[in-house]
Amino acid sequence: MKSILIFITLCLLTPSLWANSTASFPKNINEWILVKESIIPGKNVELPEGTSLFIQNTVRTYNWINQGKGTKLNIYVPKEKLTSYKTHGPYADGPTAVGIYEDSNIIFVTEHIAGEAIYGTYDREGNDISSSHPSFNVQACIQCHTSNKDICMNGTCATPIIDIFQK
(Lines give C-alpha, C1' and ligand atoms only; values in the text may rest on other atoms or scores of the structure.)
Protein backbone atom coordinates (compact mmCIF):
# COMPACT_ATOMS: atom_id res chain seq x y z
CA MET A 1 0.00 0.00 0.00
CA LYS A 2 2.81 2.40 0.89
CA SER A 3 4.51 1.86 -2.49
CA ILE A 4 1.24 2.61 -4.31
CA LEU A 5 0.90 5.89 -2.43
CA ILE A 6 4.49 6.83 -3.26
CA PHE A 7 3.90 6.04 -6.94
CA ILE A 8 0.69 8.14 -7.04
CA THR A 9 2.45 11.02 -5.29
CA LEU A 10 5.37 10.94 -7.74
CA CYS A 11 2.98 10.90 -10.69
CA LEU A 12 1.09 13.90 -9.37
CA LEU A 13 4.31 15.81 -8.71
CA THR A 14 5.75 15.01 -12.14
CA PRO A 15 3.35 16.52 -14.68
CA SER A 16 5.90 16.23 -17.50
CA LEU A 17 5.27 12.47 -17.49
CA TRP A 18 1.76 13.24 -18.71
CA ALA A 19 2.64 16.21 -20.94
CA ASN A 20 0.55 15.27 -23.95
CA SER A 21 -0.93 17.82 -26.30
CA THR A 22 -3.78 19.78 -24.82
CA ALA A 23 -4.93 21.29 -28.13
CA SER A 24 -6.94 19.01 -30.37
CA PHE A 25 -5.80 17.99 -33.83
CA PRO A 26 -7.91 19.83 -36.43
CA LYS A 27 -9.29 17.37 -38.94
CA ASN A 28 -9.89 19.97 -41.67
CA ILE A 29 -6.55 21.82 -41.88
CA ASN A 30 -6.43 21.25 -45.65
CA GLU A 31 -9.30 23.77 -45.88
CA TRP A 32 -7.52 26.43 -43.79
CA ILE A 33 -6.02 29.63 -45.22
CA LEU A 34 -2.26 30.08 -45.58
CA VAL A 35 -1.46 33.33 -43.73
CA LYS A 36 2.35 33.21 -43.46
CA GLU A 37 5.23 31.47 -45.15
CA SER A 38 8.47 31.22 -43.26
CA ILE A 39 11.43 28.93 -42.65
CA ILE A 40 13.49 27.38 -39.95
CA PRO A 41 17.03 27.70 -41.29
CA GLY A 42 19.45 24.80 -41.05
CA LYS A 43 21.71 24.39 -38.06
CA ASN A 44 24.74 25.81 -39.90
CA VAL A 45 23.02 29.03 -41.03
CA GLU A 46 24.18 32.21 -39.31
CA LEU A 47 21.42 34.62 -38.48
CA PRO A 48 21.93 38.26 -39.48
CA GLU A 49 23.25 40.61 -36.81
CA GLY A 50 20.48 42.19 -34.78
CA THR A 51 18.08 39.25 -35.18
CA SER A 52 15.47 39.38 -32.43
CA LEU A 53 15.88 37.17 -29.39
CA PHE A 54 12.56 35.48 -30.20
CA ILE A 55 13.83 34.38 -33.63
CA GLN A 56 17.23 33.35 -32.26
CA ASN A 57 15.57 31.15 -29.65
CA THR A 58 13.09 29.70 -32.15
CA VAL A 59 15.85 28.79 -34.60
CA ARG A 60 18.05 27.35 -31.84
CA THR A 61 15.12 25.27 -30.56
CA TYR A 62 14.03 23.83 -33.92
CA ASN A 63 16.99 23.91 -36.33
CA TRP A 64 17.65 20.21 -35.68
CA ILE A 65 14.45 19.29 -37.54
CA ASN A 66 14.86 17.73 -41.00
CA GLN A 67 18.33 16.47 -40.05
CA GLY A 68 19.45 20.06 -39.42
CA LYS A 69 18.88 21.09 -43.06
CA GLY A 70 16.11 23.57 -42.30
CA THR A 71 12.47 23.40 -43.26
CA LYS A 72 9.63 25.47 -44.61
CA LEU A 73 7.24 26.71 -41.95
CA ASN A 74 3.74 27.63 -43.07
CA ILE A 75 1.04 29.08 -40.83
CA TYR A 76 -2.63 28.27 -41.53
CA VAL A 77 -5.77 29.67 -39.91
CA PRO A 78 -9.41 28.58 -40.28
CA LYS A 79 -11.42 31.04 -42.39
CA GLU A 80 -13.72 31.95 -39.50
CA LYS A 81 -10.74 33.02 -37.34
CA LEU A 82 -8.86 35.02 -39.96
CA THR A 83 -10.01 38.43 -38.67
CA SER A 84 -9.15 37.48 -35.08
CA TYR A 85 -5.74 36.21 -36.17
CA LYS A 86 -4.89 39.49 -37.85
CA THR A 87 -5.49 41.35 -34.57
CA HIS A 88 -4.21 38.58 -32.25
CA GLY A 89 -7.63 37.94 -30.80
CA PRO A 90 -9.82 37.71 -29.05
CA TYR A 91 -10.34 34.16 -30.25
CA ALA A 92 -13.46 32.01 -30.19
CA ASP A 93 -13.15 28.49 -28.76
CA GLY A 94 -11.60 25.83 -30.96
CA PRO A 95 -8.46 25.38 -33.06
CA THR A 96 -6.97 28.77 -33.91
CA ALA A 97 -3.83 28.27 -35.99
CA VAL A 98 -1.35 25.62 -37.08
CA GLY A 99 2.31 25.94 -37.90
CA ILE A 100 3.42 23.17 -40.23
CA TYR A 101 7.06 22.22 -40.73
CA GLU A 102 6.37 21.10 -44.26
CA ASP A 103 9.50 19.04 -44.92
CA SER A 104 9.01 17.03 -41.74
CA ASN A 105 5.20 17.00 -41.49
CA ILE A 106 5.26 18.33 -37.94
CA ILE A 107 2.15 20.28 -36.99
CA PHE A 108 2.06 22.71 -34.07
CA VAL A 109 -1.52 23.49 -33.05
CA THR A 110 -2.79 26.48 -31.09
CA GLU A 111 -6.35 26.23 -29.83
CA HIS A 112 -8.35 28.54 -27.60
CA ILE A 113 -10.68 27.50 -24.81
CA ALA A 114 -12.44 30.19 -22.76
CA GLY A 115 -9.99 32.78 -24.09
CA GLU A 116 -6.88 30.82 -23.10
CA ALA A 117 -4.41 29.32 -25.56
CA ILE A 118 -3.57 25.62 -25.38
CA TYR A 119 -1.05 23.79 -27.52
CA GLY A 120 -0.24 20.50 -29.18
CA THR A 121 2.24 18.89 -31.54
CA TYR A 122 1.14 16.27 -34.07
CA ASP A 123 2.24 14.47 -37.19
CA ARG A 124 0.19 14.65 -40.42
CA GLU A 125 -1.87 11.63 -39.41
CA GLY A 126 -2.97 13.33 -36.20
CA ASN A 127 -0.77 11.33 -33.85
CA ASP A 128 0.29 13.25 -30.74
CA ILE A 129 4.10 13.61 -30.90
CA SER A 130 4.45 16.13 -28.06
CA SER A 131 6.44 13.69 -25.94
CA SER A 132 8.83 12.69 -28.74
CA HIS A 133 11.17 15.67 -28.21
CA PRO A 134 11.50 18.25 -25.41
CA SER A 135 10.87 21.11 -27.87
CA PHE A 136 7.47 19.60 -28.75
CA ASN A 137 6.33 19.45 -25.13
CA VAL A 138 3.33 21.61 -24.26
CA GLN A 139 5.38 23.30 -21.53
CA ALA A 140 7.93 24.42 -24.16
CA CYS A 141 5.10 25.98 -26.17
CA ILE A 142 3.70 27.76 -23.12
CA GLN A 143 7.15 29.02 -22.10
CA CYS A 144 7.86 30.50 -25.52
CA HIS A 145 4.42 31.96 -26.15
CA THR A 146 4.20 33.59 -22.71
CA SER A 147 7.78 34.89 -22.42
CA ASN A 148 7.73 36.77 -25.73
CA LYS A 149 4.80 39.13 -25.10
CA ASP A 150 6.00 41.66 -27.68
CA ILE A 151 5.63 39.08 -30.47
CA CYS A 152 3.25 36.51 -28.99
CA MET A 153 -0.14 37.88 -28.03
CA ASN A 154 -3.13 35.82 -26.92
CA GLY A 155 -1.27 32.63 -27.80
CA THR A 156 -0.20 33.40 -31.38
CA CYS A 157 3.15 34.78 -32.54
CA ALA A 158 3.71 37.19 -35.42
CA THR A 159 7.27 37.41 -36.77
CA PRO A 160 8.05 35.19 -39.75
CA ILE A 161 11.68 34.14 -39.62
CA ILE A 162 12.01 34.36 -43.39
CA ASP A 163 11.66 38.17 -43.15
CA ILE A 164 15.17 38.53 -41.67
CA PHE A 165 16.69 37.09 -44.85
CA GLN A 166 14.72 39.31 -47.22
CA LYS A 167 16.46 42.67 -47.39
Review point. Pairs, please: C-beta under 7 Å, at least 6 apart or cross-chain, first residue without any contact (Cβ under 8 Å) to a residue 40 or more places away in the chain and closer than 22 Å to LEU73 by Cα and in the stretch 85-105, second among the basic types (Lys, Arg) and surrounded by fewer than 20 Cβ atoms within 10 Å (Cβ to Cβ)?
Key: GLU102/LYS72; ASP103/LYS72; ASN105/ARG124
Exercise for review: Would you check if PRO78 is crowded, with 16+ Cβ neighbours inside 10 Å, of a type outside the set (A, V, I, L, M, F, W, C) and either within 23 Å of ASP128 (Cα to Cα) or more than 17 Å from the chain's Cα centre (by Cα) (or both)?
Suggested key: yes
Review point. Does any residue in the stretch 34-63 that is of a type in the set (D, E, K, R) and buried (at least 16 other Cβ atoms within 10 Å of the Cβ) come within less than 9 Å, Cβ to Cβ, of a residue that is in a loop (DSSP other than H, G, I, E, B) and modelled with pLDDT under 90 six or more places away or on a different chain, and which pairs are these?
Key: LYS36/ALA158; LYS36/PRO160
Check your understanding: Exactly one of (1) within 18 Å of the chain's Cα centre (by Cα); (2) of a type in the set (A, V, I, L, M, F, W, C); (3) at pLDDT 90 or above; (4) not in a strand (DSSP E or B) is unmet by ILE40. Its number?
Key -> (4)
Review point. Consider THR96 against the criteria (1) farther than 22 Å from ASN28 by Cβ; (2) surrounded by 14 or more Cβ atoms within 10 Å (Cβ to Cβ); (3) not aromatic (Phe, Trp, Tyr): it satisfies all of them except one. Which criterion is unmet?
Key: (1)
Check your understanding: What is the one condition in (1) out of contact with any Ser or Thr (no Cβ under 8 Å at 6 or more places or on another chain); (2) surrounded by fewer than 19 Cβ atoms within 10 Å (Cβ to Cβ); (3) not in a strand (DSSP E or B) that PRO26 does not satisfy?
Key -> (2)
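The values are calculated or read from the model by the stated rules, or taken from the named source; none is laboratory data. Note that this is a predicted model, so its numbers are computed, not measured. Every residue, glycine as well, gets a Cβ built from its backbone with ideal geometry; the counts of neighbours run over all protein chains shown.
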